[in-house]
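The values are calculated or read from the model by the stated rules, or taken from the named source; none is laboratory data. Not measured: the values here are computed from a predicted model. No Cβ is skipped: glycine too gets one built from the backbone with ideal geometry, and neighbour counts run over all protein chains shown. Ligands, DNA and RNA are excluded from the accessible area calculation, which covers all protein heavy atoms including side chains. Shrake-Rupley method; radii C 1.70, N 1.55, O 1.52, S 1.80 Å.
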Amino acid sequence: MNSPDPTPARLRIVPERRDEALIPFRFQSGVASPLAIDCPPLAGPADEAWLAGAITESAETAGAAWAHGEHYALVALAVDEADGDIESAAALAYERLLVAVRPSAHPYLLRIWNYFAAINQGEGDDERYRRFCVGRARAVDGMFNDPPPAATAIGTVGQPGQLKVVALCSRAPAIALENPRQTPAWQYPREHGPVSPGFSRGAVLDADTATPRLLASGTASIAGHVSLHLGDCAEQLRESLRNLDALMAQATTKTCRAFHLGHCEALRIYLRHPSDLDAARAVMASTGIPADRISYLRGDVCRRELDVELEGVFAAT
Ligand code: 3EB
């Protein structure tokens, strides 16, 4: 017989709209809120509520949202691109983010999502994703890279115009993870851009509680630093799942808690081509991840040669 859980998780994610959420994500394009992700849902839930207990303060405008709870805080920003200058927009967004976060009661950045349109536009070092990385690197402080947050950077639908940055912040640091199958992003060789992207492969939160959570960064079909299975979305997704498995094994080693795909609270699968939806669903059917926790979203991977990326949250067992 199970007794009721005496200590509810500090962080819990449900595939629903919840007014009391710290981060009420909604997958919907064309909405000004920085929490409306401009990646139209292809299948699965269009809402993803991050619950973190009572919210003590919150506010939302068209250009920013923030909320504070006891252990966690949200800061979300939408920054206009002046003349399509994504590098300057990224620098401005990250400057604002650090100004808001560092002097606060929740100074640690654990998880960041970055969304902007036409992410693969431009050639070589002029590609908009690479310019975004340059702007981000220019604005961040030393604490940001020691270790960097788990992150996602995805291209949205529509025309260039706005960068949205959503950050989960905390009172205490998390355990940052790297993936032994993948080169740390901050050590990528020069061929991937003028500055290495600043993110960790994952983060374990609340490792000292009964209810740890593993937050996996945007994970793609990359081994070492090389993109694999070009032109084959299903095989790219299988490779991404192998990376996710390796990340969970790493989390298990580092925390002495077990993490499994089947204990997924929320998964986002970004597809460049909506026509890959059926193939993606067929691959996911054999993973043990509950289908009602998977949102399939239209989104562009920051590497132009890749067609799928996933990210998610997993509870320890
Ligand atoms: C990769 O592994 C894929 O620039 O913040 C994934 C997650 C990726 C985050 C970022 C980029 C970022 O290199 C790209």
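Annotations
- Total charge dipole magnitude, the range 4-133, about the Cα centre, Cβ charges on Lys, Arg, Asp, Glu only, Debye to nearest 20: 460 debye
- Taking amide H as placed 1.01 Å from N in the peptide plane, the amide H of Ala73 sits under 5 Å from that of Cys169, Ser170, each at least 5 places away or on another chain.
- Shown are His106, His68, whose ranking by accessible area with a 1.4 Å probe and every protein chain present, most to least, is His68, His106.
- Charge tally for Asp83 (other residues, Cβ to Cβ under 15 Å; Lys, Arg +1; Asp, Glu -1): -3.
- Gyration tensor verdict on the chain (Cα atoms; rounded if a/c is under 1.5, prolate if a/b is larger than b/c, oblate otherwise): rounded
- Most positive-pole-ward Cα, Tyr72, Phe314, Thr253, against dipole of the range 12-315 from beta carbon charges: Thr253
- Shape category assigned to the range 190-297 from the gyration tensor of Cα positions, a/c cut at 1.5: oblate
- Whole-Hz ³J(HN,Hα) from phi, Karplus 6.51 cos²θ - 1.76 cosθ + 1.60, for the range 199-206, glycine and proline x: 7, 9, 5, x, 8, 9, 9, 6
- Taking θ as phi - 60° and the Karplus parameters 6.51, -1.76 and 1.60, the scalar couplings of the range 75-90 work out to 10, 10, 10, 10, 10, 5, 8, 7, 6, x, 8, 6, 5, 5, 4, 5 Hz in sequence order, x denoting glycine and proline.
- Close amide H pairs (under 5 Å, H built 1.01 Å from N) link Ile119 with Thr156, residues at least 5 positions away or on another chain.
- Å² per residue, accessible surface of the chain at 1.4 Å: 40 Å²
- Between the range 44-122 and the range 265-317, the Cα center-to-center distance that results, in Å: 23 Å
- For the peptides 219-227, 296-304, the ranking by mean Cβ contacts within 10 Å, running from highest to lowest, is 296-304, 219-227.
- Classified by the C-alpha gyration tensor, the range 11-110 has an oblate form. Its axis ratio a/c, with a ≥ b ≥ c, is 1.5 or above, and a/b does not exceed b/c.
- Expressed as a whole percent, the accessible area of the chain that falls on carbon and sulfur atoms is 52 (1.4 Å probe).
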